[in-house]
1. Could you run through the range 42-51 and say how many residues are in a loop (DSSP other than H, G, I, E, B), in contact (Cβ under 8 Å) with a residue 60 or more places away in the chain and surrounded by fewer than 19 Cβ atoms within 10 Å (Cβ to Cβ)?
2. Can you report the number of residues in the range 73-89 which are within 15 Å of Thr149 (Cα to Cα) and modelled with pLDDT of 95 or more?
3. Within the range 177-185, is even one residue touching a residue at least 12 places away in the same chain (Cβ under 8 Å), within 15 Å of the chain's Cα centre (by Cα) and outside any loop (DSSP other than H, G, I, E, B)?
4. Picking from Ser44, Ser30, which residue would you name as being out of contact with any Gly (no Cβ under 9 Å at 6 or more places or on another chain) and at pLDDT 80 or above?
5. Looking at the range 97-134, which of its residues are in contact (Cβ under 8 Å) with a residue 24 or more places away in the chain, closer than 15 Å to Val151 by Cβ and surrounded by fewer than 16 Cβ atoms within 10 Å (Cβ to Cβ)?
6. Can you confirm whether Lys169 is within 16 Å of Arg55 (Cα to Cα), basic (Lys, Arg), touching a residue at least 60 places away in the same chain (Cβ under 8 Å) and surrounded by 20 or more Cβ atoms within 10 Å (Cβ to Cβ)?
7. Looking only at residues that are β-branched (Val, Ile, Thr) and in a strand (DSSP E or B) in the range 52-96, which one is surrounded by the fewest Cβ atoms within 10 Å (Cβ to Cβ)?
8. Going through the range 146-155 one residue at a time, which ones are assigned to a loop (DSSP other than H, G, I, E, B) and either at pLDDT below 95 or surrounded by 19 or more Cβ atoms within 10 Å (Cβ to Cβ) (or both)?
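The values are calculated or read from the model by the stated rules, or taken from the named source; none is laboratory data. Worth saying up front: this structure is predicted, and the values here are computed from it rather than measured. Cβ atoms come from the backbone with ideal geometry, glycine included; neighbour counts cover every protein chain shown.
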Amino acid sequence: MSSEVSLGGMPTLRNWRNTHSSTKLRAVGSAFTGAIFTTTKDGSKVDANIYEDCRDVYLNGGPKGGGPALPEGDYYFMVTSPSGGPPSTLLSSDALAMRKVHVGASGEFSLYTGSHDQGVDVDDGSVTVQLWPFMKTPNPGNEYKAWLTPVDRYSADDGTFGFIHRWSKTDNFKCKPPVTQQPDAGPPPDSGQGNDSGQVTDTGTPPDCVGEDCIY
């Protein structure tokens with residue numbers, strides 16, 4: 001008997017397989033929806049992309065304003081050089097445990113308990129998380145790449161520093177490293193040759209001066 005026989009309007013075996021295979025593929029293909037975007041601390045800019053100071057770059061999930069969102073759960077984030085694949089440089093300079101964030105039902109960040117600074121989105125109250133600290137990019141255009149991946153998809157020995165491409169969201173941005181301020185050196189040491197008034201400063205008795213040989 002042919003597998004194509006339909007009984008009482010039931011789908012044929014081939015059609016059943018095709019239908020269920022397509023459903024499975026759609027489920028797998030859409031398992032990791034949503035996106036990430038760089039923003040400011042108050043979330044007022046979406047995909048600002050260019051920042052005057054690398055400490056001004058914050059991260060959130062979305063997409064903001066509707067559409068398929070990030071699935072709820074725990075995620076890791078990192079910053080790398082912009083190539084994103086070999087050769088690539090890991091620029092995040094703190095422990096992975098400090099780069100863990102929770103995505104809520106809205107697809108946006110809802111909880112962060114690490115050491116990075118965080119803010120509150122002015123539009124919807126979601127959490128924004130500072131990407132800093134990270135090292136200077138080797139890219140001459142000061143370009144970086146932010147990554148986000150589900151905690152249960154992280155694999156230390158695979159992908160790009162544990163972030164597997166098909167289970168990661170990325171967003172490139174540019175920023176300038178913060179200028180390191182040198183400590184105030186203070187006034188130059190007093191040479192004993194005089195001060196602003198032209199008077200010689202008394203530096204005291206030299207340590208090797210004893211008795212009558214001392215000249216004051």
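1. Residues flagged as in a loop (DSSP other than H, G, I, E, B), in contact (Cβ under 8 Å) with a residue 60 or more places away in the chain and surrounded by fewer than 19 Cβ atoms within 10 Å (Cβ to Cβ) within the range 42-51 amount to 5.
2. Number of matching residues: 8.
3. Scanning the range 177-185, I find no residue that is touching a residue at least 12 places away in the same chain (Cβ under 8 Å), within 15 Å of the chain's Cα centre (by Cα) and outside any loop (DSSP other than H, G, I, E, B), so the answer is no.
4. The conditions single out Ser44.
5. His102
6. no
7. Thr80
8. Once the filter is applied, which keeps residues that are assigned to a loop (DSSP other than H, G, I, E, B) and either at pLDDT below 95 or surrounded by 19 or more Cβ atoms within 10 Å (Cβ to Cβ) (or both), the range 146-155 yields only Tyr154.
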